[in-house]
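The values are calculated or read from the model by the stated rules, or taken from the named source; none is laboratory data. Owing to the predicted nature of the structure, the values given are computational and were not obtained by experimental measurement. Positions of Cβ are backbone-derived with ideal geometry, glycine not excepted, and every protein chain shown enters the neighbour counts. Surface areas here come from the heavy atoms of the whole protein model, side chains and all, with no ligands, DNA or RNA. Shrake-Rupley method; radii C 1.70, N 1.55, O 1.52, S 1.80 Å.
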Amino acid sequence: MSQTLTEGARKGSVDPSSGPSPRRWWILAIIGIAQLMVVLDATIVNIALPSAQADLGFSDGNRQWIVTAYSLAFASLLLLGGRIADLFGRKPAFLIGVAGFAGASVLGGASTSFGMLVTARALQGVFGALLAPAALSLLNTTFTDAKERAKAFSVYGAIAGAGGAVGLLLGGVLTDALDWRWTLFVNLVFAVVAFAGGWILLSNHRDAANSRLDLPGTLLVSSGLFALVYGFSNAETHDWSSPLTWGFLAAGAILISGFAWWQTRAEHPLLPMRVLLDRDRAASFVTVLITGAGMFGVFLFLTYYLQLNLGFSPTKTGVAFLPMMATLMIMAQVSTTVLVPRIGPKIVIPAGFAIAVAGMAWLTGIGVASDFSTAVLPQLLLIGAGLGIVMPPAMSLATSGIAAEDAGVASATVNTMQQVGGSIGTALLNTLAASAATGYLAGKDATDKLVRAQSTIESYTTAFWWSAGFFAAGAVIAFLLYRRGTQEQDPDAVRAVHM
C-alpha cells in the first residue's frame, strides 16, 4: 500500500493520510452551484420556448432542435469530458467548463436568429460535457470519509434529481417577469460564483497523467451516443419505422458494441472495464438510467397538464413542483446518511422505486378539471420521496471506491446514463402518449372540446403508467443486482493510483 500511495502522490494524487480538505464543504457548495447550472438548463429553456419561437420566428418543426442540440452535444461528449478531466486535471476542466458554458449562454441569450440559438445550445452541451463529470469526480475525490461522503452525495443527488423542477420554476419566473433571453443570461450568475470559488478553492490533480487519450474509443463512443440520442429524438417527430429513427438507433447500437469490444483491447481505454464490472457500480448505472427515463413522465407531461388543462401560468407551474423538490431533498439526506449505511442498497433502492411506482400509479387518476391539492399534490410528494431515496445513493455508489485515475470517466458514465435515460424516456413516452390520444379519438367527434380535452388526459395517464412501469422494472433490477448488506468505503480506494 505504501508503494502505491507514494506512486499516487508522485502523480499528483492526494495522500489520504493528510486528512480531508478543510475547505471541502465550500468546495461542495461550488460543485453544487455548477451542477445546478447544468441540470436546470435541460428544462429552463423549455418554458421559454414559445416566447423564443415568437421572437425569432422559427417553425414548430424546428423548435425541437433548441432542446435536441443541447442533449446531443452533452450526451455524446460526456465520456470524453470525463477522461480529459482525468488526463489534464479536474480544476482546469471545471474552470474551462464553467467559463465556456457561461459564454455559450450569453451567445444564446443574445441570439438574433434560429441558427445562432441552436449553435449556442450545442456549445452549452459541449462545455457541460466537460463540466459535469469534472464536478462529480471532484466531489468523489474531496470527500473520503464515509459519513461525510454520504452527506455530500445527498446534496449532490438532490440537486441532480430536483434540478429539472428548479429549471421549470426559474424559467417560468424569468419568462413572465423579464424575457425568455434571461433563461440563458441567468447562467452568468451561477458561473461567476462557481468560477471564482473554483479558482480559489480547488487544487489540481492529474491522476491519469501518464495515460493517453483513446482516440478510436472516443470516436466510437461519441458517434454511438450521438446516434442513439439523435435516433430517439427523431422518434418524437418521425415514425419509429422511419430510417431516421431506427437507422440511427441501429448505428448507435453497433458503434457502442464496437466501443465495448475495443475497450478490452486498447492500451489506454477511454472507459476501463474495471469501472463497469463492479456489481454495485453496474447496478447504480442502471438505476440512474431508469430513473432518468421515468422522471420525464413527471416533469414533461405534468407540466402540460398543469398549464393546458388546469390553466396554470409558467410561474405557478414551477411553484407547483416545489413540494416535490422539498420532499426529494429531505429523503435524499435520509437515504444516503441513514438508510443505505444501515440497511444497504439492495433493500433501500428497490423500496424507493416502489414508492415512486405508487405515486405514479396514483397520479393516473387525474381528470379534466381535477383539483391540484387532492389529485396532484399528494402524488408529487410520494414521487419526490421515492426519487429522493433512489437517486442520491445510486450516484454515490456509482463512484464509490473508484481509483482516482478513473474518477472522471466513472463520473461521466453516471451523467451519460442519466442523459441517455432521459432521451429514451422522452421519445418513448411522447410516442406512447400520442398513440393513446389518437386511439381515444377514434370513432369520436374530434371537434368536441370535451372529447379533445379527455384525449389529452388519456395521453398523460398513459405516460404516467409507463413511467410507473419503468420504476417497477428499476425496483426488480436493483434488487437482483445489488449485493446484500452494507458497503464500507475504503478511503484509500479513492485516492490511490493503481498501476
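Residue-wise test of (1) touching a helix residue (DSSP H, G or I) at 6+ places or on another chain (Cβ under 6 Å); (2) not hydroxyl-bearing (Ser, Thr, Tyr).
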| position | (1), (2) |
| --- | --- |
| 247 | no, yes |
| 262 | yes, yes |
| 268 | no, yes |
| 278 | no, yes |
| 287 | yes, no |
| 290 | yes, yes |
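Listed here are the residues, each with its yes/no results for (1) assigned to a helix (DSSP H, G or I); (2) open to solvent by 30 Å² or more (accessible area, probe 1.4 Å); (3) over 28 Å from residue 53 (Cβ atoms); (4) at pLDDT below 80.
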residue: 160; (1), (2), (3), (4): yes, no, yes, yes
residue: 169; (1), (2), (3), (4): yes, yes, no, yes
residue: 203; (1), (2), (3), (4): no, yes, yes, yes
residue: 222; (1), (2), (3), (4): yes, no, yes, no
residue: 235; (1), (2), (3), (4): yes, no, no, yes
residue: 246; (1), (2), (3), (4): yes, yes, yes, no
residue: 251; (1), (2), (3), (4): yes, yes, yes, no
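The residues listed here are 394, 361, 369; of these, the one that is among the aliphatic types (A, V, I, L, M), open to solvent by less than 40 Å² (accessible area, probe 1.4 Å) and modelled with pLDDT under 90 is 394. Selection of first residues in the range 290-310 that are free of Cβ contacts under 8 Å to residues at least 24 places away in the same chain and of second residues that are open to solvent by less than 20 Å² (accessible area, probe 1.4 Å) and of a type in the set (Val, Ile, Thr), restricted to Cβ pairs under 6 Å at least 6 apart or on distinct chains, gives the following pairs, ordered by first then second residue: 307/317.
Test residue 300 against the criterion of being at pLDDT 85 or above, open to solvent by less than 50 Å² (accessible area, probe 1.4 Å) and in contact with a helix residue (DSSP H, G or I) (Cβ under 8 Å, 6 or more places away or on another chain), and give yes or no. When the stated conditions are applied, residue 300 does not pass them.
Just checking, which of 107, 95, 78 is modelled with pLDDT under 85 and aliphatic (A, V, I, L, M)?
The match here is 78.
For the range 337-348, the count of residues that are under 24 Å from residue 141 (Cβ atoms) and among the hydrophobic types (A, V, I, L, M, F, W, C) is at least one. For residue 421, the stated conditions hold: it is open to solvent by less than 10 Å² (accessible area, probe 1.4 Å) and within 18 Å of the chain's Cα centre (by Cα). Candidates in the range 455-485 are the residues that are open to solvent by 60 Å² or more (accessible area, probe 1.4 Å) and over 26 Å from the mean Cα position of the chain (by Cα); of these, the one that is modelled with the lowest pLDDT is 484.
A quick yes/no check of all residues on (1) surrounded by fewer than 24 Cβ atoms within 10 Å (Cβ to Cβ); (2) small (Gly, Ala, Ser):
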| residue | (1), (2) |
| --- | --- |
| 327 | yes, no |
| 385 | yes, yes |
| 389 | no, no |
| 411 | no, yes |
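For (1) touching a His at 6+ places or on another chain (Cβ under 9 Å); (2) among the β-branched types (Val, Ile, Thr); (3) without any contact (Cβ under 8 Å) to a residue 12 or more places away in the chain; (4) in a helix (DSSP H, G or I), each residue gets a yes or a no:
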position	(1), (2), (3), (4)
84	no, yes, no, yes
91	yes, no, no, yes
99	no, no, no, yes
104	no, no, no, yes
111	no, no, no, no
118	no, yes, no, yes
121	no, no, no, yes
124	no, no, no, yes
127	no, no, no, yes
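Among the residues of the range 268-289, are any more than 28 Å from residue 484 (Cα to Cα), open to solvent by 10 Å² or more (accessible area, probe 1.4 Å) and of a type outside the set (Ser, Thr, Tyr)? So far as the range 268-289 goes, yes, one or more of its residues are more than 28 Å from residue 484 (Cα to Cα), open to solvent by 10 Å² or more (accessible area, probe 1.4 Å) and of a type outside the set (Ser, Thr, Tyr).
Please verify whether the range 340-359 includes one or more residues that are among the aliphatic types (A, V, I, L, M) and under 30 Å from residue 450 (Cα atoms). Within the range 340-359 (the criterion being among the aliphatic types (A, V, I, L, M) and under 30 Å from residue 450 (Cα atoms)), the answer is yes, since at least one residue qualifies.
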